[in-house]
Amino acid sequence: MTRTDDVLQQLARITEPHQQQDIVTLGMVQNLSVDDGGLVSFTLDAATQPEEVRQKLKTAVEEALTALPWVTDVMVMLAPPRTVRENPLAMKSPGLRQVRRIIAVSSCKGGVGKSTVAVNLAYALSGAGHKVGLFDADIYGPSLPTMVQIQGAQLYQENDMIIPLAYLGVKLMSFGFIPSASGAAIMRGPMVTQIINQLLTTTNWGPLDYLVLDLPPGTGDVQLTLTQLIPITAAVIVTTPQQLSFVDVVKGIQMFDKLKVPTIALVENMSYFECPGCSTRHHLFGQGARQRIVDQYGIARTFELPIQPDLSQCGDGGIPYVLMQPKSETTRLFSALASAVHEEVDRLERGLALRPRVAFVPGEGIRVTLDDRHQGLIHPAALRRKCRCANCVEEFSGKPLLKPEEVPDHVYPVRMQPMGNYAMAIQWSDGHASSIYPYDMLLELAGLQLPEVTV
């Protein structure tokens, strides 16, 4: 065992009190240096913890390292404290008081059919017996007034609250329903977020099981504002098969992960065209991107929607597809998506979205723990060689690019952090920083299996 391993093993025994994980696994040990004279120095990234916790961690680190017989001196530098700036839009949201769950439907690229998915998901949830609302958060290009056309309906206020429109059991709100908003919306970001804030939080949604948010494309101010303003329960991401869309999906997953919003489902729209004559499926825009999401991020709830003219025609005609074609295969897919969303949210709320604890134990390996009776170890080099990122596996053919013999046996993780609810991101000592491993893969390599859960 090297002296660096010796240091990491000592530090892995120190637990951060809030997250209840060791400081090595949390990536709090940075810029570690061990010289031949026995001086150990590093930066302890406890920047967001209270000052009392920061000092206690620093003291614990110094005591743990000075206990090593070869250590002559310890130099621990605390990262400058960072405070989370309060959101200026954070305010009481009277209209949302009776809303149980909020689902964000998002894409990082326009034109992928996100609004189509949001509208039909909302009506599929309603068809399953849930009380549902649908909010169109796109100020520059609102889609809801076109996709759900309500003849002669007008917005009005009651007791300083906006009364939402309703169509066949689903409550609706969009900037496009405001008569003065029929022209082009020319405004800067702060004004946009202010309008969204007012429309969303002062609309009297009443008792709802689900409020579906149709977010505008991208990862900008609107997404950040809404996530800070309201407690979004989970996200559904919409994409298409093209490689460029896959890149944006990754951005979306990473954005929601940073904002502590679990991504629970992925919809690949325009996935294939099924010939009406022979029923052969043609993947006009390629395939494989959806499976890559499953392999890399562990999001098992994925759905492929076909290229279907009727779906577009219903959107343009102002009537949700699931209402016009209730017995079609595509409606069955939307119903399956609604069921998956409900089941995943139910698992999250009941604490059943189990994920293992993963930690690096110097001298032993990567320990995967389900509970006190179920633990397993993975050799770090074996896991490094299983990486399926774009640098290690050819994107379209799946051909391995990483040569196993090029990975040193002594490689170890220098930073490990959860990537959403389904995967772990790992940075390695050989400089590789793009590894993401689904928990299912980690459990399999450790010889473990998540228990079956009935929902």
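The values are calculated or read from the model by the stated rules, or taken from the named source; none is laboratory data. Being a predicted model, the structure only gives us computed values, none of them experimental. A quick note on method: Cβ atoms are made from the backbone with ideal geometry, for glycine too, and the neighbour counts reach across all protein chains shown. For accessibility, only protein heavy atoms count, side chains too; no ligands or nucleic acids. Shrake-Rupley method; radii C 1.70, N 1.55, O 1.52, S 1.80 Å.
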Potential lengthening between H282 and R100 on full extension [0.36 nm per residue; Cα-Cα distance subtracted]: 61.5 nm
Extension gain (nm, one decimal) between T15 and R332, 0.36 nm per residue minus Cα-Cα: 109.4 nm
For M75, solvent-accessible area (1.4 Å; no DNA, RNA or ligand), Å²: 90
E274-A128 FRET efficiency (beta carbon distance; Förster radius 25 Å; 0.05 resolution): 0.45
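What FRET efficiency, computed as 1/(1 + (r/R0)^6) with R0 = 22 Å and r the Cβ-Cβ distance, is obtained for I307 and V247, rounded to the nearest 0.05?
On the way: r = 22 Å, r/R0 = 0.98.
Efficiency for this residue pair is about 0.55.
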Extension reserve of the R357-L155 stretch, reckoned as 0.36 nm per residue once the Cα distance is removed: 67.7 nm
Spin-label pair T202/E405, simplified geometry with 7 Å Cα→Cβ offset, distance in nm: 7.0
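Given the C-alpha atoms of segment 1-80, compute the convex hull and give its volume per residue in Å³. Could you put the intermediate results ahead of the total?
Working: hull volume 6.5 nm³, N = 80.
Taking the convex hull of the Cα positions in segment 1-80, it is 81 Å³ per residue.
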Protein accessible area in the chain, 1.4 Å probe - carbon and sulfur %: 50
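Which whole-number value in Å² is the accessible area per residue of the chain, probe 1.4 Å? Walk me through the intermediate numbers first.
On the way: 22130 Å² over 455 residues.
Per-residue accessible area for the chain comes out at 49 Å².
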Share antiparallel - DSSP beta bridges, the chain, percent rounded to 5: 50
0 to 90° range, to nearest 10: angle between helix 243-258 axis and the chain longest Cα axis: 70
[x] 25.3; [y] 28.8; [z] 24.5, with the label sought being that of the calculated Kirkwood radius over Cα pairs in Å: [z]
Amide proton proximity set for T302, modelled H, under 5 Å, gap of 5+: L266
Two-decimal log10 I(q)/I(0) for segment 225-367, as the Debye equation yields it once each C-alpha is a single scatterer, q = 0.18, 0.19, 0.20, 0.21 Å⁻¹: -1.20, -1.28, -1.34, -1.39
Dipole magnitude (debye, nearest 20) for the chain, charges at Cβ of Lys, Arg, Asp, Glu: 760
Degrees, to the nearest 10: 114-127 long Cα axis against longest axis of the chain: 80
Two-site FRET efficiency, K58 against Y140, from Cβ-Cβ distance with R₀ of 41 Å, rounded to 0.05: 0.25
Cβ charges +1 (Lys, Arg) and -1 (Asp, Glu), total dipole of segment 267-422, debye: 420
Point-to-point label distance, L448-L78, nm (Cα→Cβ direction, 7 Å offset): 3.3
